[in-house]
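A.B. asks: This is the structure I want to talk about, given as structure tokens.
The values are calculated or read from the model by the stated rules, or taken from the named source; none is laboratory data. Model, not experiment: these values are computed from the prediction. As a convention, Cβ positions derive from the backbone with ideal geometry for all residues, glycine included, and neighbour counts pool all protein chains shown.
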Amino acid sequence: MIHLGELLYTEDQNLFQKIAGKSGFEVLNEIPDMLEKFQSFLTFSTKRNSDIVCQGIDLKDNMKIVDVGGGSGGLAIDLAKKYPEKKFAVYEVEPVVPMTRKNIEKHGLTEQVEVIPGSFFEAIPAGFDCILLKHIVHDWPAHRATTILKNCRSVLNPGNRVLIVDTVFDRADKRYKRATLQDIYVFCYNNGKERTLDEFKEILGESGFRIESVTNAREDDIIEAIAI
């Protein structure tokens with residue numbers, strides 16, 4: 001039997017790895033039906049809060065935006081409709097790409113929203129002046145999250161932005177109970193965690209960013225970080 005307490009001391013090995021020998025995401029990517037259901041859930045989750053998130057994301061000073069780990073493209077699609085003059089891309093692992101392309105085609109946005117296959121642990125596509133990370137950073141422990149952020153920084157010019165959509169963990173916040181349950185979920189699933197503002201400052205600072213602003217978006221927060 002695996003006990004939750006055992007995971008507290010094994011940052012590089014999550015519950016899935018202890019049981020199946022691989023991460024939860026690796027398990028999903030190997031089972032197409034399960035992966036499709038998971039992406040459908042993420043699409044529903046994105047839609048539920050997308051209006052508030054889109055209102056909180058200001059892209060007036062950006063022209064090319066990439067949604068890293070953007071799933072089936074829900075956020076990029078909504079933002080493309082809000083900003084028809086701008087170009088977007090969704091960067092996702094190969095098993096997810098067909099679902100992403102299908103969803104973008106369904107919305108008639110193939111000319112505006114590109115799909116790029118790849119892993120954010122290996123590289124981030126260059127040529128964009130803003131990077132979106134929605135529900136990505138909280139999926140990973142600090143050293144893995146920092147790898148993603150450093151890869152983002154390596155392809156941005158000073159002054160370019162990364163926008164992180166996650167919940168800022170705060171005991172005084174009315175969302176604290178929900179955030180605590182979410183914290184337990186991402187911890188068991190992938191050794192992730194919900195972070196306080198100071199913890200975000202720490203990993204962003206280590207990765208070459210400074211926080212410019214934090215905007216509440218109902219269930220989430222939008223952290224605007226500037227490349228320095």
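A.B. asks: Report, by residue number, each residue of region 106-122 that is over 15 Å from the mean Cα position of the chain (by Cα) and either over 17 Å from Lys87 (Cβ atoms) or in contact (Cβ under 8 Å) with a residue 24 or more places away in the chain (or both).
C.D. replies: Residues satisfying the conditions are Lys106, His107, Leu109, Gln112, Val113, Glu114, Val115, Ile116, Pro117, Glu122.
A.B. asks: OK, next. May I ask you to list the residues in region 134-165 that are assigned to a helix (DSSP H, G or I), among the charged types (D, E, K, R) and either surrounded by fewer than 20 Cβ atoms within 10 Å (Cβ to Cβ) or over 9 Å from the mean Cα position of the chain (by Cα) (or both)?
C.D. replies: Listed by number, the residues that qualify are Arg144, Lys150, Arg153.
A.B. asks: Pull up region 44-76, narrow it to residues that are buried (at least 19 other Cβ atoms within 10 Å of the Cβ) and over 19 Å from Asp129 (Cβ atoms), then point me to the one that is modelled with the lowest pLDDT.
C.D. replies: Ranking the qualifying residues of region 44-76, first place goes to Thr46.
A.B. asks: On to the next question. Scan (1) in a strand (DSSP E or B); (2) closer than 22 Å to Asp221 by Cβ; (3) in contact with a Phe, Trp or Tyr (Cβ under 6 Å, 6 or more places away or on another chain); (4) among the β-branched types (Val, Ile, Thr) for the single condition Ile116 breaks and write down its number.
C.D. replies: (2)
A.B. asks: Can you list residue pairs whose Cβ atoms sit under 7 Å apart, with the first residue in region 205-228 being at pLDDT 95 or above and in a strand (DSSP E or B) and the second being surrounded by 15 or more Cβ atoms within 10 Å (Cβ to Cβ) and basic (Lys, Arg)? Count only pairs 6 or more apart in sequence or on different chains.
C.D. replies: Partner pairs satisfying both residue conditions: Phe209/Arg153; Ile211/Lys201; Glu224/Arg161; Ala225/Arg161; Ile226/Arg161; Ala227/Arg153.
A.B. asks: May I ask you to verify whether Ile131 is in a strand (DSSP E or B) and more than 18 Å from Tyr189 (Cβ to Cβ)?
C.D. replies: Judged against the criteria, Ile131 is a match.
A.B. asks: Mind checking which pairs have a first residue in region 71-92 that is under 13 Å from Asn103 (Cβ atoms) and a second that is basic (Lys, Arg) and crowded, with 21+ Cβ neighbours inside 10 Å, Cβ under 6 Å, 6 or more apart or different chains?
C.D. replies: Partner pairs satisfying both residue conditions: Leu75/Lys134.
A.B. asks: A follow-up question, please. Tally time: how many residues in region 166-221 are over 14 Å from His135 (Cα atoms), surrounded by 14 or more Cβ atoms within 10 Å (Cβ to Cβ) and hydrophobic (A, V, I, L, M, F, W, C)?
C.D. replies: Of the residues in region 166-221, 7 are over 14 Å from His135 (Cα atoms), surrounded by 14 or more Cβ atoms within 10 Å (Cβ to Cβ) and hydrophobic (A, V, I, L, M, F, W, C).
A.B. asks: Taking the conditions exactly as written (surrounded by 15 or more Cβ atoms within 10 Å (Cβ to Cβ) and not aliphatic (A, V, I, L, M)), does Phe88 satisfy them or not?
C.D. replies: Considered against the rule, which asks whether it is surrounded by 15 or more Cβ atoms within 10 Å (Cβ to Cβ) and not aliphatic (A, V, I, L, M), Phe88 comes out as yes.
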